[in-house]
Amino acid sequence: MITFLEPSTAALRAADTQDPWIPAQIPGSVHTDLLAAGHIPDPFVADNELDVQWVAERDWEYRVEFEVEAALLDSERVFLVCDGLDTLAEVSFGDRFLEQTANQFRQYRWEVTGDLVQGSNTVRLRFPSTVAYMLARQAEEPLIGPSQSIPGGPHVRKAPCQFGWDWGPQLPPIGVWRPMRLEGYTTARLADVHIRQDHGADGVTLSVQVAAERWQAADLRVLLRVTSPTGERWERSIQLEGEEVEGEMALAIPEPQLWWPNGYGDQPLYEVEVLLYEGGMLRDAERSRIGLRTLVLRRQADDFGTSFTFVINGVPIFAKGANWIPADSFPTRLTESHLAELLGSAAAVNMNMLRVWGGGLYEDDRFYDLCDAYGLLVWQDFIFSCSIYPGDEAFFDNVRVEAVQSIRRLRHHPSLALWCGNNEMEWGWVNWGWSERMDPIHKAHYDELFHQLLPDLCAAHDPDRPYWPSSPSSGVPFDDPESLRAGDTHNWEVWHGGHPFEHYRNHSSRFVSEFGFQSLPPLETIGTYADEADWNMTSYIMEHHQRNAAGNGKIITYMTAHFRLPKDFASLVYLTQLLQAEAVRTGVEYWRRHPATAGALYWQLNDCWPVASWASLDYYGRWKALHYAARRFYAPVLLTAEARTHAPDSPATTHATGYLFQPQPGPFVDLFAVNDTVEPWQGTVRWSLETIDGEVLASGTEPVDLDGLGSAQVSALNFETQIDPSNERSVVFVYECLEGDARLSLDVLSFVPSKHLALSDPCLASGVRETTDGFEIEITAEKLARFVWLALETADGASARSSHHSVVFSDNFFDLPAGRSARVILPAIEGWDVGRLEAALRVRSLVDSY
């Protein structure tokens, strides 16, 4: 029999004191329990973060009680299992000291059979301050780390961003952050189960390798049971006789249902059960859900260098997505519903890949289960980022256990696409001056860790997935990690380098795994941390919630290149989000149509607290303008336009390489179409050159016939005779993508920056009707309306939803040319009817911002 027992009660207090115990949550953290008990203010409000720094500087102790009954005492072996202790913990069971832990990412397991008593059993955990420890170690051995972080972070195995980043606070949690339990077994338990797949012409064969830990010689039977998504069931079994501890089974899956990334097919999941029996008694069981698929990282020589393309079930895909960071500075607060909302929002805008960034966490099983279900491939960094780490034997031993456990825990997920050694550390050695600043022994340790230990562990424990040494990297150690001809790149020339958005077009990377632009979060979110008196870009509180030192200044500088100065703070928030959306759109549209590039993952999907950042979803899951834009620029079929100052056969007059040089769009327009679906696509492109008031100066239609996974230039248009300095501020190019009579997209290209357009009141009108699933809103414009913004507000001006929920329209922040209409769908809101929606609906456009 198997017996699992969760804690009955838990409490914590400052260590080495007689302070009263306060209730503790398992899993949980000291900060969140202190907050629940009313002992600290909310660290996310105003600058309360500074007032709670003492929490991480103190030592803390937990008292955890288990009420043990006879059933557990009857087990032959009982183990105390902690899935996550954050981070330095001295663990005792009853009067017996077990171990001092030193790794947030490891599971710890101790046998406590002889220590159990019936009734109450106490586990004590003393957490010495991680901050005090790493500051002391940093004084002994200074190591390079992020400038925004508490110094010394590389000395401990803990999420680097919890010590601060250029979007996150310095709030390192402490405590029992993942489940803790007693496990009881008799005779044997399953120590490891490895499921592999062999795809052939006749179907898929599963190979299941089993390792048992046993305490007595006995004949054991291992039963493999596989259940298909539609209920078919297959079984196989093997015997482990006497003292045998390893075995392997093979099982053929006829007519397999393949798992596909989002947008390429369905995500059927098979349930795999491995059951360990002694006679008729079940001794242990492991259950997982798998997807049947093949995955290859294709790296082949071509006209552009060496490809970097993920191939799923034989189909090369364009990776569309974003980078994922921990969704809360206090990860134990993240509910399954909120996690599902965040990942569902990624899938809803046609993403098919997320990069779990190396400054964060190996996420818990819920994350990968949801990615499996949504078809979101996961690029998984090992947790090393922007730092130089120790190289002693104890550190390597610690990392070895961490890596093996993480690989074994995650390898059955079909969403898991790649293991990557670290974030930006090879770049640091080659381009950031680390080689000049540090002893060469550190570079040798880097080489051993990322070019030997981790790839060897991946090959041994997960040989069916690719390993990549660093991001960015060319794949050749310490050789041009930002190469445009091989590997992946991080493009920070826009934003950090101050280059204009168009500079992305000088950067035809093979795979862009980071790039991005900041914005403010929605005003409703700003209101959770800043009083209205602080609603100013340079106020103390607004700058406290901006962790990129030059961030707010960069936003304003870029804003003046594109937009008129806003008339109020709400308009400022709106314009920052438009900037962010336009920046990322410019890059993605170029890379999707360029034959060299096979992926674009913008920085970043989400936030860990309410802050100005690069995220498209704010801390509460609210969609910024960028997230709505992502639904358009990641659409399966994409039509893009680019204005040039020169004809196709003439040299360019300039390149967008200077600091915030704003290249003037010219009278030559190129149209490109991209088809990410596996099937051929036929449709029509309809375009017009027209005035802001809707007068058509030229127009045309073009039939489009694209191969599956194909792209093509649709047309090259010359408007030299229609556009000149006298009318360029009042003329725009309108382009539509049609499939039959259905309009897939409608976009506008201007020939001057938006700040110079001669816009006037577009006379926007809206009509609402109720549908079976919610509401349909029709928006019409008499004149060009740029970046139409829909919002719901109550009578007092507040958001129509609470601070922890968001209203999501089918489209938002879109262009609407003169005489056109747009249909927007809004899901049902409990208690709302047409009248209430009409009263709350606000429709604005760019002219309303100044």
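Within region 814-850, the set of residues being surrounded by fewer than 20 Cβ atoms within 10 Å (Cβ to Cβ) and assigned to a loop (DSSP other than H, G, I, E, B) comprises Gly819, Arg820, Ala828, Ile829, Glu830, Gly831, Trp832, Asp833, Tyr850.
The sole residue among Glu690, Glu702 that is open to solvent by less than 50 Å² (accessible area, probe 1.4 Å) and either part of a strand (DSSP E or B) or without any contact (Cβ under 8 Å) to a residue 40 or more places away in the chain (or both) is Glu690.
On the given criteria, is Ser147 open to solvent by 20 Å² or more (accessible area, probe 1.4 Å), in a loop (DSSP other than H, G, I, E, B) and not aliphatic (A, V, I, L, M)?
Numbers: open to solvent by 20 Å² or more (accessible area, probe 1.4 Å): yes; in a loop (DSSP other than H, G, I, E, B): yes; not aliphatic (A, V, I, L, M): yes.
Yes.
Find the residue count for region 114-132, including only residues that are hydroxyl-bearing (Ser, Thr, Tyr) and closer than 16 Å to Glu6 by Cα. Going through region 114-132 one residue at a time, the tally reaches 2.
Restricting to region 232-249, give me the number of residues that are of a type outside the set (D, E, K, R) and under 10 Å from Asp219 (Cβ atoms).
Our first condition is that a residue be of a type outside the set (D, E, K, R); within region 232-249, this holds for 234, 237-240, 242, 245, 247, 249.
After this cut, where a residue has to be under 10 Å from Asp219 (Cβ atoms) as well, the list is 239-240, 242.
Matching residues across region 232-249 total 3.
Taking the criterion of being open to solvent by less than 60 Å² (accessible area, probe 1.4 Å) and not aliphatic (A, V, I, L, M), the residues of region 9-37 that qualify are Arg13, Thr17, Pro27, Gly28, Ser29, His31, Thr32, Asp33. So, in region 236-285, of the ones that are open to solvent by 50 Å² or more (accessible area, probe 1.4 Å) and of a type in the set (Asp, Glu), which residue ends up nearest to the chain's Cα centre (by Cα)? Among residues in region 236-285 that are open to solvent by 50 Å² or more (accessible area, probe 1.4 Å) and of a type in the set (Asp, Glu), the one nearest to the chain's Cα centre (by Cα) is Asp266. Filtering region 48-73 to residues that are at pLDDT below 95 and acidic (Asp, Glu) leaves only Glu69.
Listed by position, the helices (runs of 4 or more DSSP H) contained in region 507-574 that have at least 3 residues being within 28 Å of Asn491 (Cβ to Cβ) and either in contact with a Cys (Cβ under 9 Å, 6 or more places away or on another chain) or open to solvent by less than 20 Å² (accessible area, probe 1.4 Å) (or both) are 551-562. A single entry from Gly740, Gly666 fulfils the requirement of being closer than 25 Å to Ala561 by Cβ and either open to solvent by 30 Å² or more (accessible area, probe 1.4 Å) or modelled with pLDDT under 95 (or both): Gly666. Restrict the check to region 214-230 and report whether at least one residue is closer than 30 Å to Leu50 by Cβ and either under 32 Å from the mean Cα position of the chain (by Cα) or buried (at least 17 other Cβ atoms within 10 Å of the Cβ) (or both). Among the residues of region 214-230, not one is closer than 30 Å to Leu50 by Cβ and either under 32 Å from the mean Cα position of the chain (by Cα) or buried (at least 17 other Cβ atoms within 10 Å of the Cβ) (or both), which makes the answer no. Within region 192-210, the set of residues being of a type in the set (Asp, Glu), open to solvent by 50 Å² or more (accessible area, probe 1.4 Å) and part of a strand (DSSP E or B) comprises just one member, Asp198. Only residues that are touching a Lys or Arg at 6+ places or on another chain (Cβ under 9 Å) and more than 30 Å from Thr9 (Cβ to Cβ) were counted across region 123-147, and they come to 3.
For region 674-687: of the residues being part of a loop (DSSP other than H, G, I, E, B) and charged (D, E, K, R), which is farthest from the chain's Cα centre (by Cα)?
Here is the first cut: in region 674-687, the residues part of a loop (DSSP other than H, G, I, E, B) are 676-680.
Filter once more, keeping what is charged (D, E, K, R): 676, 679.
On the way: Asp676: 21, Glu679: 29 Å.
Per the stated criteria, the residue is Glu679.
Across region 706-758, which residue is nearest to Phe814 (Cα to Cα) among those that are assigned to a strand (DSSP E or B) and among the polar types (S, T, N, Q)? Let's see the steps before the verdict.
Taking region 706-758 as the starting set, the residues that turn out to be assigned to a strand (DSSP E or B) are 706, 711-718, 731-739, 742-750.
Imposing the further condition that a residue be among the polar types (S, T, N, Q) reduces the set to 711, 713, 715, 718, 745, 750.
Values: Ser711: 24, Gln713: 24, Ser715: 24, Asn718: 26, Ser745: 10, Ser750: 14 Å.
Here the residue is Ser745.
Among the residues making up region 340-388, those that are among the charged types (D, E, K, R) and open to solvent by less than 10 Å² (accessible area, probe 1.4 Å) are Arg355, Asp372, Asp381. Among the residues making up region 481-506, those that are within 30 Å of Tyr620 (Cα to Cα) and open to solvent by 30 Å² or more (accessible area, probe 1.4 Å) are Trp492, Glu493, His496, Gly497.
One line per residue, one yes/no per condition, for (1) open to solvent by less than 30 Å² (accessible area, probe 1.4 Å); (2) assigned to a strand (DSSP E or B); (3) touching a residue at least 40 places away in the same chain (Cβ under 8 Å):
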| position | (1), (2), (3) |
| --- | --- |
| Arg126 | no, yes, yes |
| Gln138 | no, no, no |
| Leu143 | yes, no, yes |
| Pro169 | yes, no, yes |
| Leu190 | yes, yes, yes |
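Can you pull out every residue in region 389-429 that is touching a residue at least 24 places away in the same chain (Cβ under 8 Å) and open to solvent by 60 Å² or more (accessible area, probe 1.4 Å)? Even if it seems obvious, please write down each step before you answer.
Our first condition is that a residue be touching a residue at least 24 places away in the same chain (Cβ under 8 Å); within region 389-429, this holds for 389-391, 396, 398-429.
Arg400, Arg408, Arg409, listed by residue number.
Scan region 108-139 for residues that are touching a helix residue (DSSP H, G or I) at 6+ places or on another chain (Cβ under 9 Å) and charged (D, E, K, R) and the total you get is 1.
Looking only at residues that are closer than 24 Å to Val210 by Cα and of a type in the set (A, V, I, L, M) in region 400-452, which one is farthest from the chain's Cα centre (by Cα)? Talk me through it step by step, then tell me what you get.
Pass one, region 400-452, residues closer than 24 Å to Val210 by Cα: 400-419.
Narrowing the set further to residues that are of a type in the set (A, V, I, L, M) leaves 401, 403-404, 407, 410, 416-418.
Details: Val401: 25, Ala403: 21, Val404: 23, Ile407: 19, Leu410: 16, Leu416: 13, Ala417: 14, Leu418: 14 Å.
That would be Val401.
Of everything listed in (1) closer than 30 Å to Ile40 by Cβ; (2) outside any loop (DSSP other than H, G, I, E, B), the single unmet condition for Glu67 is (1). Which one of these is modelled with pLDDT of 95 or more, open to solvent by less than 60 Å² (accessible area, probe 1.4 Å) and on the phi > 0 side of the Ramachandran plot: Gly767, Gly774, Gly708? On inspection, the qualifying residue turns out to be Gly774. Close contacts from region 833-850, counting a first residue that is in contact (Cβ under 8 Å) with a residue 60 or more places away in the chain and a second that is open to solvent by less than 30 Å² (accessible area, probe 1.4 Å) and in a helix (DSSP H, G or I), with Cβ to Cβ under 6 Å and a gap of 6+ residues or different chains, come to Ser849/Ser571; Ser849/Tyr574; Ser849/Leu575. Taken together, Pro151, Pro173, Pro169 contain a single residue that is modelled with pLDDT of 95 or more, touching a Leu at 6+ places or on another chain (Cβ under 7 Å) and not aliphatic (A, V, I, L, M), which is Pro151. Within the span defined as region 467-479, one or more residues are in contact with a Pro (Cβ under 9 Å, 6 or more places away or on another chain), in a loop (DSSP other than H, G, I, E, B), open to solvent by 50 Å² or more (accessible area, probe 1.4 Å) and of a type outside the set (A, V, I, L, M, F, W, C). Taking strands (runs of 3 or more DSSP E) as the structural unit, those lying wholly within region 247-364 and holding at least 1 residues that are closer than 22 Å to Leu605 by Cα correspond to 309-312, 319-324, 353-356.
The values are calculated or read from the model by the stated rules, or taken from the named source; none is laboratory data. What you see is a predicted model; the values in this text were computed from it and never measured. Because the Cβ atoms are built from the backbone with ideal geometry, glycine has one as well, and the counts that use them run over all protein chains shown. Accessible surface areas use protein heavy atoms only, side chains included; no ligands, DNA or RNA. Shrake-Rupley method; radii C 1.70, N 1.55, O 1.52, S 1.80 Å.
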